[in-house]
Amino acid sequence: MPGRILVFPSPQELGSALAQLVVQRAAGSGGRFSLGLSGGSLVGMLTRELPAAASTGTGTGTGPWLVAFCDERLVPPEHPENTFGSYRDQLLWRIPEPAPTVLAVDTGLEPNAAAEDYAGRLREAFQGDAVPVFDLLLLGVGPDGHTCSLFPNHPLLQEKEKIVAAVVDSPKPPAQRVTLTLPVLNAARTVVFIATGESKAAVLKRILEGNEDNPLPAARVRPHTGQLLWFLDEAAAKELTVPFEKHSIL
């Protein structure tokens with residue numbers, strides 16, 4: 001079974017547990033805490049729960065946070081589809097001191113140039129490591145099984161060298177994007193998939209219970225030495241028959 005599956009009664013309880021997990025991982029990092037964020041509904045969930053969790057108990061950890069983004073749509077930061085802009089406006093300024101260091105994609109560049117620029121800054125931030133090792137990556141999963149901007153049957157699923165890649169033909173608009181690749185996702189210390197709602201139930205069953213020759217993108221995320229967690233609400237988990245932990249407390 002791929003990872004540990006935790007099912008919560010509602011998105012609100014899931015969000016609270018997720019915020020506590022982020023704070024726990026930050027406190028246990030022993031220094032700088034590197035966090036990779038995805039967009040979509042996760043922005044609102046973290047905005048509701050993370051500031052309070054980070055300002056109480058263990059706080060934000062023993063060192064500063066490095067925040068990066070798992071993928072980005074190549075639209076200006078002011079655009080509602082821009083992931084960095086959404087977090088900048090809603091969440092980042094509410095994280096307690098010390099203020100996080102934020103690595104954002106330069107969306108003013110062409111796709112390949114933006115990918116190369118972002119990869120260079122990630123390598124610099126991770127002290128030249130060939131593949132950055134994030135402490136924690138928070139990933140979503142689409143109804144088609146995509147994660148980040150890695151889509152089913154796309155050539156990027158075979159990428160083994162690049163840590164960041166350009167996407168110019170996304171089936172979900174906007175077409176131009178930049179995304180972390182599978183080598184980075186599978187190098188992380190902890191990866192958490194977050195999925196809520198009945199619309200995700202069928203694809204989650206396929207990802208978590210299927211044995212396909214051509215796995216969906218989310219099913220290809222299997223950290224080599226790290227931990228893989230699935231945070232689901234009851235609606236998203238309704239079709240699962242594999243064992244899962246209900247109402248778990250981490």
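Throughout, read-outs are computed from the coordinates displayed, never taken from laboratory work. Small disclaimer: the values here were computed from a predicted structure and weren't measured. Cβ atoms come from the backbone with ideal geometry, glycine included; neighbour counts cover every protein chain shown.
Taking Cβ atoms as reference points and 15 Å as the exclusive limit, the residues near E49 contribute a net charge of +1, counting Lys and Arg as +1 and Asp and Glu as -1. Could you tally the net charge around Q12, taking each other residue with its Cβ under 14 Å from the Cβ of Q12, Lys/Arg +1 and Asp/Glu -1? Neighbour charge sum, excluding Q12 itself: -3. Quick one: of K160/K246; K172/K238; K172/K205; K162/K238, which pairs are farther than 29 Å apart, Cα to Cα? Pairs exceeding 29 Å: K160/K246; K162/K238.
Using a 10 Å cut-off around each Cβ, can you sort T190, T107 from fewest to most neighbouring Cβ atoms? Write out the running numbers ahead of the final one.
Numbers: T190 17, T107 21.
In increasing order of surrounding Cβ atoms, one gets T190, T107.
Given their separation in residues at 0.36 nm each and the Cα-Cα distance between them, A125 and S41 gain 27.5 nm when the chain is fully extended.
Test of understanding: extend the Cα→C-beta vector of R48 to 7 Å, then name every residue of region 209-250 with backbone N under 13 Å from that spot. Only 233 pass the distance filter. Would you be so kind as to identify all helices of the chain, as entire DSSP H runs, whose Cα atoms reach 27 Å or more along the helix's own axis and whose mean Kyte-Doolittle hydropathy is at least 1.0? The answer is none, since no helix passes both cut-offs.
Length gain on complete extension for the stretch N112 to D169, per 0.36 nm per residue less the alpha carbon to alpha carbon distance? Provide the component values of the computation, followed by the final result.
Values: separation 57, 0.36 × 57 = 20.52 nm, distance 1.26 nm.
Extending this stretch completely gives an extra 19.3 nm.
The simple Förster model, with R0 at 41 Å and r as the Cβ-Cβ distance, assigns N214 and A27 a FRET efficiency of 0.55. Here the chain yields Rg over Rh of 0.93, to two decimals, using C-alpha coordinates and the Kirkwood radius.
Can you bin region 166-235 into rounded, prolate or oblate? Criterion: square roots of the alpha carbon gyration tensor eigenvalues sorted a ≥ b ≥ c, rounded for a/c under 1.5, prolate for a/b above b/c, oblate for the rest. Oblate, because a/c is 1.5 or more while a/b does not exceed b/c. Remark: the Q227-H79 segment gains 49.9 nm on full extension, using 0.36 nm per residue and subtracting the alpha carbon distance. Extending 7 Å from the Cα toward the beta-carbon at both T241 and Q90 defines two label points whose distance is 3.7 nm. Under a model in which nothing but the beta-carbon of Lys, Arg (+1) and Asp, Glu (-1) is charged, the chain shows a dipole of about 480 debye around its Cα centre. Electrostatic bookkeeping for N186 treats Lys and Arg as +1 and Asp and Glu as -1; over the other residues with beta carbon under 13 Å from its beta carbon, the sum is +3.
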